[in-house]
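Since every read-out is calculated from the coordinates, none of them should be taken as a lab result. Since we're looking at a predicted model, the values are computed, not measured. Note that we place each Cβ from the backbone using ideal geometry, even for glycine, and neighbour counts take in every protein chain shown.
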Amino acid sequence: MVLAQTVLALPLVAALVAGGIDAVPRPLLAQARALGAGRRGIAALALREARPAVIGAVLAGFGTAVATVGAILIVGGDAGELTLATAALSDWTAYGLSRTSVASGTLLLGLFTVVAALATTFQHRQGPWNPRRS
C-alpha cells in the first residue's frame, strides 16, 4: 500500500524539484564550479538555492500520498490489522463509526498542519546561504 502511494506521489515530487533546480541561476553554479566546487558541492548548492521548491514538492507529495484513499482501497483493500490512516477512515465511515472517523480525521489534519508548519519554518530559516533581507 505504501508502494502504491509512493508511485503516485513520486512523479509529482520529481517534477517540482526538477523545476526548482532549473530555476537556479546558471551563473551561480558556474561561479561555484570556477571556485573549485565539485559535483557534490554544486548539487548541494543547487538544492539549497531551490529549497522553497523542494519544500513545496515534499508538501505536495505528502498531500498526494494522504489523498490517495481510492488507490489504496483498490490496490490493498482491507489489510486487517495493517492499514493506513486514510483507508481506515474510509472503513470506519462505512461501518458507521463516525466518532472514531471524525477523531482520526482531525488527528490526520493536525498531523498535516504540523508538517506544513515545520516546512514553512524550515523554509524561512536564516543561514549562511540565506541571509536576512532588510
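Which distance in nm do the two modelled labels at Leu47 and Ala60 give, with both placed 7 Å along the Cα-to-Cβ direction?
1.9 nm
Which peptide among 32-45, 50-63 comes first, and what is the full order, when sorted by highest mean count of other Cβ atoms within 10 Å? If you can, show how the numbers build up before the last one.
Numbers: 32-45: 12.1, 50-63: 18.0.
Most protected by this proxy first, the peptides run 50-63, 32-45.
So for the pair Val114, Ala37, with labels modelled 7 Å out along Cα→Cβ, what separation do we get in nm?
A separation of 3.5 nm, rounded to one decimal place.
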